[in-house]
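> Structure below; questions to follow.
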Amino acid sequence: MAPTITKIESTEFSYPVEDVGYSSYGFDPIYEPGSRIDRKLFAIQVHTDEGITGEYVGSNSPGAAQINMFADYLVGRNPLEREKHWSEIKRALRKYDRMGIGPIDIALWDFAGKYYDAPIHELLGTYRKRLPAYASTYPADDNGGLETPEDFADFAEECLEMGYPGYKLHIWPDELRSTQKIVDAVHAVGERVGDEMDLMLDPACHVDTWADTLKIGKACDEQNFLWYEDPMKDAGISQHAHRKLREMIDTPILQTEHIRGLESHTDFIANDATDFVRADPEYDAGITGAIKIARMAEGFGLDVEYHAPGPAQRHCIAAVRNANYYEMALVHPKCQNTQPPVYQGDYSDMIDAIDDEGTVSVPDSPGLGVEYNWGYIEENKTGSVHVYE
């Protein structure tokens, strides 16, 4: 008898991040001593008649809303038929961005690993078990944290001393930003650690004009940055603008974090609009979708760089050849990472999680290989619990 999904639960919960606030216009988390933000995530459980539950903690409100559109479809079906479900749900969500697929698909992969008593990377085909990590900073602030170009250079040295082989800057939010300040930070970090670390710049789509984007890109050229990511306020989706940028600078471009799905990623590559390819198992329709993007990029001879930390990302990177780094984000010299405190055991995505070689391990227990603290999730639930059965 094939296994059957009997019930799906989605539980929203919140957790605090201390000494962190939002920039004045409300979107970027920045260091702010004495403040606190409460982040909200969703805990997904896919129950089956095998007594095995597929689990994943992550997602966001738009993703949860989309899960509400298709979860009933999965109840009564075989959880191992991931490719079939992926294809059908993708079609059902064709009018939307399809971010709801990711958390459910990851939970289905977690079930499969537990069912077959194997870690997900083994089901995908293991390539490696340790992953080089780069330190990916918080955005800049004006509160004595990452306030100046020299602060970014000082923190880069700290990360280098910890063992990180790579370092990525997120820059000043709009109200604190100037193009010259970004250029100065690129030079300050490059001159301090550029001979010893791979360096990356991610303006997170803050730069107003293509001209300023070009000026910053030229600075990255001078400091031999590994990549330049999502600079412009086009939101990272204009193939034409980024193709033109590639023609004018030497630093490789990393795009596709803000477009969804296999076909859109393929078009970005085919139209010469990126060098590195971005993928995320939560954003890009699960482990199923993220691995499709990696295989497609491999066919073009390009590398895929997975966005953000997490156990699903670790399994994806472990199973592909054409990836360079694991993103340890967001890190800061004076406040904690933004990751949720929901892992039991020794799994961690905090700044000190790397070993002396600057790598993190890939979980080797069945499924995602992590144990969630369901007591913490229950104690901190917001009251938004959806059950599909």
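The values are calculated or read from the model by the stated rules, or taken from the named source; none is laboratory data. All figures in this text were calculated on a predicted structure; none of them were measured in a lab. For neighbour counting, all protein chains shown are included, and Cβ atoms are generated from backbone atoms with ideal geometry for every residue, glycine included. Remember, those area values only see protein heavy atoms, side chains included, never the ligands or the DNA or RNA. Shrake-Rupley method; radii C 1.70, N 1.55, O 1.52, S 1.80 Å.
> For Gly261, which of the numbered conditions (1) farther than 13 Å from Ala273 by Cα; (2) modelled with pLDDT of 95 or more fails to hold?
(2)
> Looking only at residues that are of a type in the set (S, T, N, Q) and more than 19 Å from the chain's Cα centre (by Cα) in the stretch 319-378, which one is most open to solvent (accessible area, probe 1.4 Å)? So that I can check it myself, show each step before the final result.
Step one: filter the stretch 319-378 for residues of a type in the set (S, T, N, Q), giving 322, 324, 336-339, 344, 348, 359, 361, 365, 373.
Imposing the further condition that a residue be more than 19 Å from the chain's Cα centre (by Cα) reduces the set to 344, 365, 373.
On the way: Gln344: 77, Ser365: 60, Asn373: 46 Å².
Among those residues, the one meeting the criterion is Gln344.
> Restrict the check to the stretch 122-133 and report whether at least one residue is surrounded by 19 or more Cβ atoms within 10 Å (Cβ to Cβ) and within 17 Å of Tyr228 (Cβ to Cβ).
no
> Considering only residues that are of a type in the set (Phe, Trp, Tyr), surrounded by 24 or more Cβ atoms within 10 Å (Cβ to Cβ) and in a loop (DSSP other than H, G, I, E, B), which ones fall in the stretch 276-318?
Result: Tyr283, single match.
> If we scan the stretch 61-83, do we find a residue that is assigned to a strand (DSSP E or B), surrounded by 15 or more Cβ atoms within 10 Å (Cβ to Cβ) and touching a helix residue (DSSP H, G or I) at 6+ places or on another chain (Cβ under 8 Å)?
no
> Just give me the residues in the stretch 347-381 being under 30 Å from Ala140 (Cα atoms) and either without any contact (Cβ under 8 Å) to a residue 12 or more places away in the chain or of a type in the set (Val, Ile, Thr) (or both), in sequence order.
Here is the first cut: in the stretch 347-381, the residues under 30 Å from Ala140 (Cα atoms) are 347-361, 380.
Passing the criteria: Ser348, Ile351, Ile354, Thr359, Val360.
> Same structure, new question: Looking only at residues that are closer than 29 Å to Ala112 by Cβ, among the hydroxyl-bearing types (Ser, Thr, Tyr) and in contact with a Leu (Cβ under 8 Å, 6 or more places away or on another chain) in the stretch 17-59, which one is surrounded by the most Cβ atoms within 10 Å (Cβ to Cβ)?
The residue in question is Tyr56.
> Give the residue, chosen from Glu196, Glu191, Glu247, that is surrounded by fewer than 23 Cβ atoms within 10 Å (Cβ to Cβ) and outside any helix (DSSP H, G or I).
Glu196
> Any residue in the stretch 68-86 that is of a type in the set (A, V, I, L, M) sitting within a Cβ distance under 8 Å of a residue that is open to solvent by 40 Å² or more (accessible area, probe 1.4 Å)? List the pairs, counting only those 6 or more apart or interchain.
Hits for this filter: Met69/Ala92; Ala71/His386; Val75/Thr6; Val75/Lys7; Val75/Glu389; Leu80/Ala2; Leu80/Tyr115.
> Kindly check whether there is at least one residue in the stretch 100-115 that is touching a helix residue (DSSP H, G or I) at 6+ places or on another chain (Cβ under 8 Å) and open to solvent by 40 Å² or more (accessible area, probe 1.4 Å).
Within the stretch 100-115 (the criterion being touching a helix residue (DSSP H, G or I) at 6+ places or on another chain (Cβ under 8 Å) and open to solvent by 40 Å² or more (accessible area, probe 1.4 Å)), the answer is no, since none of the residues qualifies.
> (1) open to solvent by less than 20 Å² (accessible area, probe 1.4 Å); (2) of a type outside the set (Asp, Glu); (3) farther than 24 Å from Ala323 by Cα; (4) not in a loop (DSSP other than H, G, I, E, B): which one isn't true of Trp172, the others all being true?
Every listed condition holds for Trp172 apart from (4).
> Of the numbered conditions (1) within 20 Å of Tyr376 (Cβ to Cβ); (2) at pLDDT below 95; (3) hydroxyl-bearing (Ser, Thr, Tyr), Ser14 satisfies every one except a single condition; which is it?
(2)
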